[in-house]
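J.: Would you mind keeping the following structure in view while I ask a few things?
Bear in mind these aren't lab numbers, they're just calculated from the coordinates by the rules spelled out. Model, not experiment: these values are computed from the prediction. Virtual Cβ from ideal backbone geometry, glycine too; neighbours counted across all protein chains shown.
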Amino acid sequence: MTSTVPVASRPAAVPLAPGSLRVGLRHPVALLRWLWAAYMTPGRPGRPTSQVELRWIYTAWLAAFALKMLGSSWDVSWHFRWLRDDLAPPHLLNTLGTVVVVALVVFHSYSGHGVDRRALRLMQTGTATFLVAIPVDLLNHRINGLDITSWSPSHALLYLGTAIMLAGAIRGWWLYAAPGRLRDLVALGLWLFFVENVLFPNQHQEYGVLSLAAYRAGRTTAEPQLLDFAASQGQDAAQFMLPVPSWVHPAWLVCAGLLALVVARRAVGLRWTATTIAGGYLAYRAVTWLLLTGTGFPPSVVPVMLLAGAVLVDLAVLARVPGWLAAFPVTAGVTLAAFVQSVVAEIPPWNWAALPVVALVFAGLWGAVDGVARTSAFLRWRAPVEPAAAGAPDAAIPAGTGGAPVR
């Protein structure tokens, strides 16, 4: 949808717009007054929104998730060094991103700009889940004293909320942005945040394996109070730093991480979608590794084996290999890449004997994705639901210039 907002829907007296973003940032109060008067007017999902307005809105979404990703990445390394602190800098950075997300959801909910009804519901549900998970997580830490356990129910709620709100942002952008390079680039950025969120729990093992090796070598990166805390819980260093079975890392990398790349490849449709997202994710992890280790924080393993799986996913989709069949060579390629990485560097514990079962589960999941993509219900789901365009009832409207192709 590329039409601009009708003049009649604007308030009678709107302050003059800033001449440029730079001018607006130099006068933030005037910028906020203009944004509020021009855009915080009531409307329903599907309200006509120009491409310039969409770019501003979804640039803010990208910035919000960038803050959340930076904060969470710093947070993992932080908790392999110090005891937990609610007001630690990584938490504050993540909270800033969450505040921007909440403001954006309030904006979409009130104005109806840049979303259809389904995208808005996803944003609202995801944000509500995340906000409910915060006090649950704080209570969990108060009761159990957990510090670095990524694999906890309260943290799972945080990941789930982030994934749902990201799904809403991905849908809103893909439906209403005009086809072209910009739409593809922003979609890739949003999917990068989605894949990072999916793979985030595995960072516990990726930090833990190196922290445990440093501890056993007598040059621990953890502060004494953190080690004392682990001992007070009756845990040795190995239990504290690697608390999950060795099959978890490969199973999650393949069945969650690669599956997310499969969905991204289907949704975006670019030939090397999965490879681009995986490469961007690994580049981000490499840069954060340099920044964190350069400032004295514990290092992590970078899961380079993910790239092999991403390339094979793209090739399988390009060759139209059914997912239930492609899952086996893709899993084998990831396994080979992980073995090579284990020879030349360090990787988290991998239960190699579990890989056949992982491949079977991945085949079922990939086959299910292919099956859902062929259903008429999914085709109907792709159409925007626009109360603003349909009038009183909320009805599905055929996609215009937007819409998410399955390629």
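J.: Is segment 44-390 rounded, prolate or oblate when judged by the Cα gyration tensor, a ≥ b ≥ c being the square roots of its eigenvalues, rounded requiring a/c under 1.5 and prolate requiring a/b larger than b/c?
T.: Oblate, since a/c reaches 1.5 and b/c is not below a/b.
J.: What nm distance separates the two modelled labels at Ala368 and Phe339, each placed 7 Å from Cα along Cα→Cβ?
T.: 2.9
J.: List Val304, Val99 from most exposed to least, where exposure is judged by having the fewest other Cβ atoms within 10 Å.
T.: By the 10 Å Cβ count, ascending, the order reads Val99, Val304.
J.: Here is a further query. Name the residues whose placed amide hydrogens come within less than 5 Å of the amide hydrogen of Gly114, ignoring near sequence neighbours (fewer than 5 apart) on the same chain.
T.: Under 5 Å from the amide H of Gly114 lie the amide H atoms of Gly46, Arg47, each far enough along the sequence or on another chain.
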